[in-house]
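The values are calculated or read from the model by the stated rules, or taken from the named source; none is laboratory data. This one's a predicted model, so the numbers in the text were calculated from it and none came from an experiment. Using ideal geometry, Cβ is built from the backbone for each residue, glycine included, and neighbour counts are taken over all protein chains shown. These area figures cover heavy atoms from the full protein model, side chains too; ligands, DNA and RNA do not enter into them. Shrake-Rupley method; radii C 1.70, N 1.55, O 1.52, S 1.80 Å.
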Amino acid sequence: SQQGEEDPQALSIQEGENATMNCSYKTSINNLQWYRQNSGRGLVHLILIRSNEREKHSGRLRVTLDTSKKSSSLLITASRAADTASYFCATDGSGGSNYKLTFGKGTLLTVNP
Amino acid sequence: ETGVTQTPRHLVMGMTNKKSLKCEQHLGHNAMYWYKQSAKKPLELMFVYNFKEQTENNSVPSRFSPECPNSSHLFLHLHTLQPEDSALYLCASSQNRGGADQPQHFGDGTRLSIL
């Protein structure tokens, strides 16, 4: 069953702008991850954030986690055309099945030059 | 380069054919996964292997048969597939059979089309 759900489904911005994508999930989690997928390629891991963390940074990426709202956001600052891709959040399975990653449907980000 | 290699990249087969997908990881990981990615649907976990032993079969039809001869290689044997099986099949690996507490490394997938 789907645990995480990204919002919006699609986002189109100009190069240099910031892009924010959100992920909501249904049941409590231990960890949450974000992945990127370029067209025709596999998924690439971006960031892992644990349930006791509120914010994490990696280069131009900033991830926040609000466990009280069961939501996470991914912010990409100063976007580039090369950031065009689909972005997915993934969480532990619900009910303690923490060896499964459950993915959302993703947000398709288009960065226009 | 992710360290996970999948072959072939594209495969077209008829419903009566038998074919195999191959995945190889060069990362020294102990866990390997098969996922199915269909348009407009979330990634679906199919099988999980940990130290060559299958630990998860996510209600996958028997026309998909996985094989893991060692921790570095994973196969997906296909026979008498249906048109709805057309999808991108992704292989992934992780250090151990953890869940969201460790990253998974994905190959670029096999695009499968069933005629």
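Here is how the numbers come out for the structure above:
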read-out	value
Residues that are over 13 Å from the mean Cα position of the chain (by Cα) and not polar (S, T, N, Q), drawn from region A:12-36	A:Ile13, A:Glu15, A:Gly16, A:Glu17, A:Lys26, A:Ile29
Members of region A:57-68 that are open to solvent by less than 70 Å² (accessible area, probe 1.4 Å) and not acidic (Asp, Glu)	A:Ser58, A:Arg60, A:Leu61, A:Val63, A:Thr64, A:Leu65, A:Thr67
Filter result for the condition that a residue is on the phi < 0 side of the Ramachandran plot and open to solvent by 40 Å² or more (accessible area, probe 1.4 Å), over A:Pro8, A:Pro113	A:Pro113
Condition broken by B:Ser72, with the remaining ones in (1) in contact with a His (Cβ under 6 Å, 6 or more places away or on another chain); (2) of a type in the set (Ser, Thr, Tyr); (3) away from chain A (no Cβ under 13 Å) satisfied	(1)
Residue that is farthest from the other protein chains (Cβ to nearest Cβ), among those in region A:11-40 that are out of contact with any Ser or Thr (no Cβ under 7 Å at 6 or more places or on another chain), modelled with pLDDT of 95 or more and surrounded by fewer than 17 Cβ atoms within 10 Å (Cβ to Cβ)	A:Gln14
Residues satisfying the stated conditions in region B:92-109, i.e. closer than 15 Å to A:Thr102 by Cβ and in contact with a Cys (Cβ under 9 Å, 6 or more places away or on another chain)	B:Ala92
Selection from region A:45-56 of residues that are within 11 Å of another protein chain (Cβ to nearest Cβ) and open to solvent by 50 Å² or more (accessible area, probe 1.4 Å)	A:His45, A:Arg50
Restricting region A:1-53 to residues that are in contact (Cβ under 8 Å) with a residue 24 or more places away in the chain and of a type in the set (D, E, K, R), the residue that is farthest from A:Tyr87 (Cα to Cα)	A:Lys26
Per-region count, region B:76-107, residues in contact (Cβ under 8 Å) with a residue 24 or more places away in the chain, open to solvent by less than 50 Å² (accessible area, probe 1.4 Å) and more than 7 Å from chain A (Cβ to nearest Cβ)	12
Selected residue (only one of B:Tyr49, B:Tyr35, B:Tyr89 is in contact with a Cys (Cβ under 6 Å, 6 or more places away or on another chain) and closer than 18 Å to A:Leu101 by Cα)	B:Tyr49
Residues located in region B:7-63, provided they are part of a loop (DSSP other than H, G, I, E, B), of a type in the set (A, V, I, L, M, F, W, C) and within 16 Å of B:Ala87 (Cβ to Cβ)	B:Met15, B:Ala39, B:Leu43, B:Val60
In region B:34-62, residue nearest to the other protein chains (Cβ to nearest Cβ) [restricted to those that are out of contact with any Lys or Arg (no Cβ under 9 Å at 6 or more places or on another chain) and among the hydroxyl-bearing types (Ser, Thr, Tyr)]	B:Tyr35
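Rundown of residues vs (1) over 30 Å from A:Asp7 (Cβ atoms); (2) of a type outside the set (A, V, I, L, M); (3) surrounded by fewer than 20 Cβ atoms within 10 Å (Cβ to Cβ), yes/no style:
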{"position": "B:Gln6", "(1), (2), (3)": "yes, yes, no"}
{"position": "B:Asn17", "(1), (2), (3)": "yes, yes, yes"}
{"position": "B:Leu43", "(1), (2), (3)": "no, no, no"}
{"position": "B:Gln54", "(1), (2), (3)": "yes, yes, yes"}
